[in-house]
Amino acid sequence: MDGVGGPIVEAEAYAPDDPASHAFRGMTARNAAMFGPAGRLYVYRSYGIHWCVNVVCGPPGVGAAVLVRSLEPVHGIETMRSRRGRDPLATGPGNVGQALGATSAQNGEPAVLHPPDRIRRVETSARIGITKGVERPWRFFDPDSGAVSRPISSAARGSRRTHA
DNA sequence: GTATTGATCTTCT
DNA sequence: GAAGATCAATACA
């Protein structure tokens, strides 16, 4: 989309039998794209103000996808900057959606993916921002990249839910 | 520096 | 009517 993008350095996996997944309770009008063929985009509105971008990765009818949490700004940096107006250009799901200019118009569209620019180290950790299925360590990120929202799961901002 | 709340809206129960 | 895969600004220590 618009030539903006960059290497994905943080992502989370969501499976059909995953209580945290939008596809957990079956197909609905919103998550229909998750049940489409692999390589499509699934874009949804988060908390009413953010657009989160997923890449469908399962066979049609399954309902599996990967949430793009952050990427390194490489292409179309100026465009991202004008769209964001803030420093972290594409760090965090909502920010990625905004930087890419993703809206419901991109929902179900084919994703444009490229091979990695280099071999990247990959760490795993528990997923972030969810209330169910937290025990599944299905967050994948590159600890060597500065664009990752949180290098390692720690108590810094882990549960900023009301009280602890 | 750390903790907490506000903004804002679609979808599901 | 409530929840939700969030971000950013403000309040307080």
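The values are calculated or read from the model by the stated rules, or taken from the named source; none is laboratory data. No experiment lies behind these values; they were computed from the predicted model shown. All Cβ positions, even for glycine, are placed from backbone atoms using ideal geometry, and neighbour counts span all protein chains on display.
What the table below lists for this structure:
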read-out	value
Residue selected from segment A:97-116 under the condition part of a loop (DSSP other than H, G, I, E, B) and within 21 Å of residue A:31 (Cβ to Cβ), by the criterion farthest from DNA strand B (Cβ to nearest atom)	A:113
Members of segment A:1-22 found to be more than 24 Å from residue A:101 (Cα to Cα), within 16 Å of DNA strand B (Cβ to nearest atom) and surrounded by 16 or more Cβ atoms within 10 Å (Cβ to Cβ), listed by number	A:16, A:18, A:20
Identity of the residue in segment A:131-148, more than 14 Å from DNA strand B (Cβ to nearest atom) and in contact with a Phe, Trp or Tyr (Cβ under 9 Å, 6 or more places away or on another chain), that ends up modelled with the highest pLDDT	A:138
Residue list for segment A:45-68, filter: closer than 20 Å to residue A:19 by Cβ and near DNA strand C (Cβ under 7 Å from one of its atoms)	A:46, A:47, A:52, A:54, A:65, A:67
Tally, over segment A:106-136, of residues that are among the basic types (Lys, Arg) and loosely packed, with under 14 Cβ neighbours inside 10 Å	3
Matching option when the condition is without any contact (Cβ under 8 Å) to a residue 40 or more places away in the chain and of a type outside the set (A, V, I, L, M), among A:69, A:45, A:25, A:40	A:25
Segment A:44-63, residues that are crowded, with 22+ Cβ neighbours inside 10 Å and among the aliphatic types (A, V, I, L, M)	A:53, A:56
Any chance residue A:45 is within 12 Å of DNA strand B (Cβ to nearest atom), within 13 Å of the chain's Cα centre (by Cα) and outside any loop (DSSP other than H, G, I, E, B)	yes
Which listed residue, of A:58, A:63, A:94, is part of a loop (DSSP other than H, G, I, E, B), touching a residue at least 24 places away in the same chain (Cβ under 8 Å) and closer than 17 Å to residue A:130 by Cβ	A:63
Failed item in (1) over 17 Å from the mean Cα position of the chain (by Cα); (2) not in a helix (DSSP H, G or I), with residue A:82 passing the rest	(2)
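For every residue, the table says whether it meets (1) closer than 17 Å to residue A:47 by Cα; (2) crowded, with 24+ Cβ neighbours inside 10 Å; (3) in contact with a His (Cβ under 9 Å, 6 or more places away or on another chain).
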{"position": "A:65", "(1), (2), (3)": "no, yes, yes"}
{"position": "A:85", "(1), (2), (3)": "no, no, no"}
{"position": "A:90", "(1), (2), (3)": "no, yes, no"}
{"position": "A:104", "(1), (2), (3)": "yes, no, no"}
